[in-house]
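Q: Below is one structure. I have some questions about it.
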Amino acid sequence: DVRSAITAPIQAGDELLGVLSVSHDRPGAFSEHHLELMMAICQEVGLALSNARRYQEVQHRLAEMTLIQNLTQTLNQRLEPGQMLSEIARQLSVQGGYELVRIYLVENDQPTLAAQHGALATQASSQSETSSLQRVIENGQAIIQTLAADDDSVMPVSWACTPIFRQSAVTGAICIASQQPNRLNSQDIDLLQVLAGQMSVALENTRLYEQIRTHADELEATVVQRTT
C-alpha cells in the first residue's frame, strides 16, 4: 500500500554505511522539506555510527593489548612446553573470545596437535582443515578462510591460521575458529602473528633450557660414577 517514499543515504565521509527509507500510504506525502530533514537525520546517524565504530575499534585494540600482555607473562614463566601451550590456548580462547583454539607443532614434517581449548557446535570437515593447515606449514603464510562443515545444512566455520617460525623454518601453527560467519579478519591474523613470534622465542628458550638441564644431569651422573 505504499504510495510515497523518501530515501537518503547514511554516510561517514565518503563511506556508505546504510540507507534510511520512510514510506507512506498517501500519494505526495513528502516534500523537499522532508528530504532536507531526512538528510540532516542521516548525517547525524552516520556520525553516531562512525563514532561507535571508532569506540569499538579502540576497545578491541585495548583488549588485544591486555591479552598480549597476559600471554607474554605466561610465556616468560618457566613452564613445561605442554603446560605452557595449554595455558596459551586457554587464555587466547577465553580472553580473545575465540570458540576454538588449536596449537600445532611440526614433528617429522607433520603437524601434531600440541594444545587445544574450546569447541564448536559443529566441526568443519577434517579433510578441508587438514589441507588448509598443511598449506600454512608448507607456504609459511597465514590464511583466513571459510571451511565447509560435513553437513551441508550446518553453517560453515570461519577459520584462521598463522605459522610459528624458528629462524626461517616453520615449526608449528596457531589456529582459531568461530561458528560466526566472517567473524575473523586481518586484525585476528595480526594478533596471531605477534603471539607466534613470542611463542617461537619461548619454545626455543624452553628447548635450550631442557638441553642444559639434561646436560647437567648427565654431567652429575658422570661425576658420581667416576667418584665411585
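The values are calculated or read from the model by the stated rules, or taken from the named source; none is laboratory data. A quick note: this is a predicted structure, and the numbers were derived from the prediction, not measured. Quick reminder, even Gly has a Cβ in these numbers, built from the backbone with ideal geometry, and neighbours come from all protein chains shown. All accessible areas refer to the heavy atoms of the entire protein, side chains included, with ligands and DNA or RNA removed. Shrake-Rupley method; radii C 1.70, N 1.55, O 1.52, S 1.80 Å.
Q: Applying the Karplus parametrisation 6.51 cos²θ - 1.76 cosθ + 1.60 with θ = phi - 60° to the phi angles of segment 212-228, what ³J(HN,Hα) value in whole Hz is obtained for each residue in order, glycine and proline being reported as x?
A: Values, residue by residue: 5, 5, 5, 5, 5, 5, 5, 5, 5, 5, 5, 4, 5, 5, 5, 4, 4 Hz.
Q: Among VAL94, ALA221, THR112, flag the residue with its Cα farthest along the positive direction of the charge dipole of the chain, charges on Cβ as +1 for Lys/Arg and -1 for Asp/Glu.
A: ALA221
Q: Please give the per residue accessible area of segment 34-123, computed with a probe of 1.4 Å over protein heavy atoms only, in Å².
A: 62 Å²
Q: On to the next question. In the chain, carbon and sulfur make up what percent of the accessible area (probe 1.4 Å)?
A: For the chain, the apolar C and S fraction of the accessible surface comes to 51 percent.
Q: Can you list the cysteines of the chain that have no other Cys Cβ under 4.7 Å away?
A: Here CYS42 come out as lacking a disulfide-compatible partner, given the Cβ-Cβ threshold of under 4.7 Å.
Q: Next question. In deg cm²/dmol, rounded to 500, what helix-only [θ] at 222 nm does the chain give when every DSSP H run of at least 4 residues adds -39500 (n - 2.57) and the total is split over its residues?
A: Computed mean residue ellipticity for the chain: -18500 deg cm²/dmol.
Q: Could you tally the net charge around CYS42, taking each other residue with its Cβ under 14 Å from the Cβ of CYS42, Lys/Arg +1 and Asp/Glu -1? Kindly include the intermediate steps, with their values, before the conclusion.
A: Values: positive: none; negative: GLU15, GLU36, GLU44.
Value of the local net charge: -3.
Q: Another one. Read phi for every residue in segment 86-99 and hand back ³J(HN,Hα) as whole Hz from Karplus 6.51 cos²θ - 1.76 cosθ + 1.60, θ = phi - 60°, with x for Gly and Pro.
A: Karplus-based 3J(HN,Hα) across segment 86-99 equals 5, 5, 4, 4, 5, 5, 5, 6, 6, 7, x, x, 8, 6 Hz.
Q: Then there's this: Semi-axes of the equivalent ellipsoid for the chain, please: Cα gyration tensor eigenvalues, times 5, square-rooted, ordered largest first, whole Å.
A: They are 54, 20, 13 Å, listed largest first.
Q: Out of residues 5 or more away from LEU100 or on other chains, whose amide H comes under 5 Å of its own, with H placed 1.01 Å from N in the peptide plane?
A: Counting only residues 5 or more places away or on other chains, the set is ALA177.
Q: Taking only the Cα atoms of segment 147-228, how large is their convex hull per residue, in Å³? Show your work: numbers first, answer last.
A: Values: hull volume 11.0 nm³, N = 82.
Here the figure is 134 Å³ per residue.
Q: Answer with one residue from GLN11, ILE144, SER23: the one whose Cα lies farthest towards the positive end of the charge dipole of segment 1-160, charges on Cβ with Lys, Arg +1 and Asp, Glu -1.
A: GLN11
Q: Something else about it: Any idea what the dipole of the chain comes to, in debye rounded to 20, about its Cα centre with Lys/Arg Cβ at +1 and Asp/Glu Cβ at -1?
A: Details: 14 positive and 26 negative charges, 88 e Å.
The dipole magnitude comes to about 420 debye.
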